[in-house]
Amino acid sequence: MVDVCGTKPLVFRLHEGAPELVRQVLLERGWEEFEGQQQDEGDWNLYWRASAFRSSDYENIMPWQRLNHHPKTVGITRKDWLARNLRRMRGTFGSVLYNFSPTAFHLPNDYVRFLEEFSKHRLANGGKGAYWICKPVDLSRGRGIFIFEDIKDLAYDCPVIVQRYISNPLLISGYKFDLRIYVCVKSFSPLTIYIYQEGLVRFATEKFNLGTLNNLYSHLTNTSINKFGPFYSTDKEHIGQGSKWTLSKFRCFLRNMGINELVFWQKINNIITLTLLTIAPSLPSSPNCVELFGFDILIDENLKPWLLEVNYSPALSLDCSADVTVKKGLLNDLIDLLNYKEIDGLRQRGYLRQKYRTPCYLGSQIPQAKTPVVFLLPKSLCEPCCREKCQSQSCVCCRGGPPAESRGTAQQSPHHSSENLNCALRLALGSSLKPATSYRRRKTRFLHSQRPKPLDRSKALNLESESENGSCATTPDMLRESSKKKAGSSVKLPPIHGHKYKSTMYPWDDQVQNNTVPPCRVGDFILTFPFNEVTLKASQKKLNIKVAVQEVHKLTSQLLSSRGHKGKRRKEESNNTFGGEDKLESLFWGPRNPLSLSECFFKT
Ligand code: ADP
């Protein structure tokens, strides 16, 4: 739909299997759904898929488009890769920090190593072994999982991960639970992590009992499993009906237990940062991707959090009231985090350049009568040439419909007169002018043979840099060069390829363009990395992973040691990295009303 001002709403594209909630939230926000049959191939702003994108989706992306997955995150989202990557990081940075994932073996490859570990436990415990959990590497939602103690119970017919089973979980009223923490990686380069304040606590629906290892309702916390259990709808002591709490409710539980919240949340925060650091340096730069991960964290009775897995497409279905509270807000805040303007000027001008340029200044190329016709000029351009002279109802400039002339040959149209050539060129090259009104959508396919040559990098950046602020970056040279183009050519915006855009700037992000820092809070998303000046610097250009890991370690140590040293720390405040000289006034993720990092040192 095109409104009276000639502006088009933002458009989302959903792949089969994408969550219905995404559609609902975006429609509520005034977005329009992409319709493949009626819309131009690239005429969308956000493409959401539950599964992975093809590499061509990344290669052909336009500056105004965003995808909901970064490429190559499988390094943490597949169970076997996650285990391997964390082992590698433990080897490099030591087990003081990288100690949050239960020991895991990839079978059949690691079978011998697993047997050694298995026997070691048996010997150490006087013949009684540890508990293990076996999970198919390729499955999710609890499918194919079982727990065993005796090696004769280990049977598998596909690659699996066998992991130490955390047999002493923290229980609430006797029920096991885990935390689903939502994490948005806005960018891997520079690494920019936001953690959501709300989240879910997912309970098993039968009391934890090591005597019944094959009772999945007692040992697994997946809702997909538990909703088929006999006690799912029963009102369970303190837990209530169903199998979920919000993280807010869990915070109350922590407070009632007298638990040191800051240290607790910081440990989870560390798990998330350190896990993402394992893949961040190896990922291609893809500035127009964003990713929402679901981190599953299990807490043991010593309050130590363990990472169970990282979900690639965390479930966004609404099974209960906790889901509604958490997931709708989550998606709304995620869209806010993407920093869309109400209207995507970049996309609109992109289309003006692609679709309207040829007919705009080369009338002979305009499609004839019965082929779909697009109106060429934005209203602002019409004003001098048309609006005052022609208030006719038949004129698109005046009423938003097609001009009578455009149904015939374009040469006759006043809009294609030579006095508009300059305007058309400005339009083609990206000006601050208002977008054109098209009265009918047209499926436009850009076949390779018809594709114009991409602009060179400097011009590409120029075109992009005028994206949101509306200033016209056209230079006389560009105009000259453009006016020389042959009939039938048009300007295609350059695709954003990782290797082309090594720059640490996002084309649409004013803040980063101004070389300032990412916002420390967007809705309930809290920026957790970078979290100080040092990590900000370490994340720019090429990620300095060593410095990043050291800073995480330092922050945690400061937080732990600040207890009992409050007076001393006040004096040191101005000198440390979290003091007043920081450009980045980071917030501490976790508590209901997040404090700034510097405040946290006085609150523990
Ligand atoms: P899936 O991708 O199939 O959900 P997970 O690794 O998340 O696989 O495991 C499913 C559930 O099994 C978890 O939610 C948790 O309740 C339980 N679980 C998984 N690994 C462990 C473990 N090492 N110790 C204790 N419980 C575990």
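The values are calculated or read from the model by the stated rules, or taken from the named source; none is laboratory data. All values derive from a computational prediction rather than experimental measurement. Quick reminder, even Gly has a Cβ in these numbers, built from the backbone with ideal geometry, and neighbours come from all protein chains shown.
Structure notes:
- Residues considered: S95, S140, S101. Of these, the only one that is at pLDDT below 95 and either assigned to a helix (DSSP H, G or I) or near the ligand (Cβ under 10 Å from one of its atoms) (or both) is S140.
- Per this entry, T273 is not counted among residues that are within 25 Å of E551 (Cβ to Cβ), in a helix (DSSP H, G or I), in contact with a Leu (Cβ under 8 Å, 6 or more places away or on another chain) and modelled with pLDDT of 95 or more.
- The residue pairs whose first member lies in the stretch 297-319 and is on the phi > 0 side of the Ramachandran plot and part of a loop (DSSP other than H, G, I, E, B), whose second member is more than 10 Å from the ligand (Cβ to nearest atom) and not small (G, A, S), and whose beta carbons are closer than 7 Å, counting only pairs six or more residues apart or on different chains, are L303/L170; L303/I259; L303/F264.
- Whichever residue in the stretch 160-189 is of a type in the set (V, I, T) and under 29 Å from the mean Cα position of the chain (by Cα) and, among such residues, is nearest to the ligand (Cβ to nearest atom): I161
- In the set T192, T223, T205, only one residue is away from the ligand (no atom under 16 Å from the Cβ) and touching a residue at least 24 places away in the same chain (Cβ under 8 Å); that residue is T192.
- Test for R180: is it part of a strand (DSSP E or B), in contact with a Gly (Cβ under 6 Å, 6 or more places away or on another chain) and either within 30 Å of R592 (Cα to Cα) or modelled with pLDDT of 95 or more (or both): yes
- Count - residues of the stretch 288-317 that are of a type in the set (D, E, K, R) and within 10 Å of the ligand (Cβ to nearest atom): 3
- Residues that are modelled with pLDDT of 60 or more and over 30 Å from the mean Cα position of the chain (by Cα) were ranked within the stretch 571-604; the one that is surrounded by the most Cβ atoms within 10 Å (Cβ to Cβ) is F601.
- Here A155 qualifies as more than 26 Å from the chain's Cα centre (by Cα), aliphatic (A, V, I, L, M), within 30 Å of G75 (Cα to Cα) and away from the ligand (no atom under 15 Å from the Cβ).
- Only a single item in (1) modelled with pLDDT of 95 or more; (2) surrounded by fewer than 18 Cβ atoms within 10 Å (Cβ to Cβ); (3) touching a helix residue (DSSP H, G or I) at 6+ places or on another chain (Cβ under 8 Å) is not met by V112, and it is number (3).
- Residues in the stretch 209-220 that are part of a loop (DSSP other than H, G, I, E, B), of a type outside the set (S, T, N, Q) and more than 10 Å from the ligand (Cβ to nearest atom): L210, G211, L213.
- So F118, is it hydrophobic (A, V, I, L, M, F, W, C) and within 13 Å of the ligand (Cβ to nearest atom): no
- Positions within the stretch 25-36 being under 14 Å from G329 (Cβ atoms) and in contact (Cβ under 8 Å) with a residue 12 or more places away in the chain, in sequence order: V25, R29
- Options S56, S51; residue that is closer than 30 Å to R143 by Cβ and polar (S, T, N, Q): S51
- Of everything in the stretch 234-269 that is over 15 Å from L170 (Cβ atoms), touching a strand residue (DSSP E or B) at 6+ places or on another chain (Cβ under 9 Å) and part of a strand (DSSP E or B), the residue that is modelled with the lowest pLDDT is K236.
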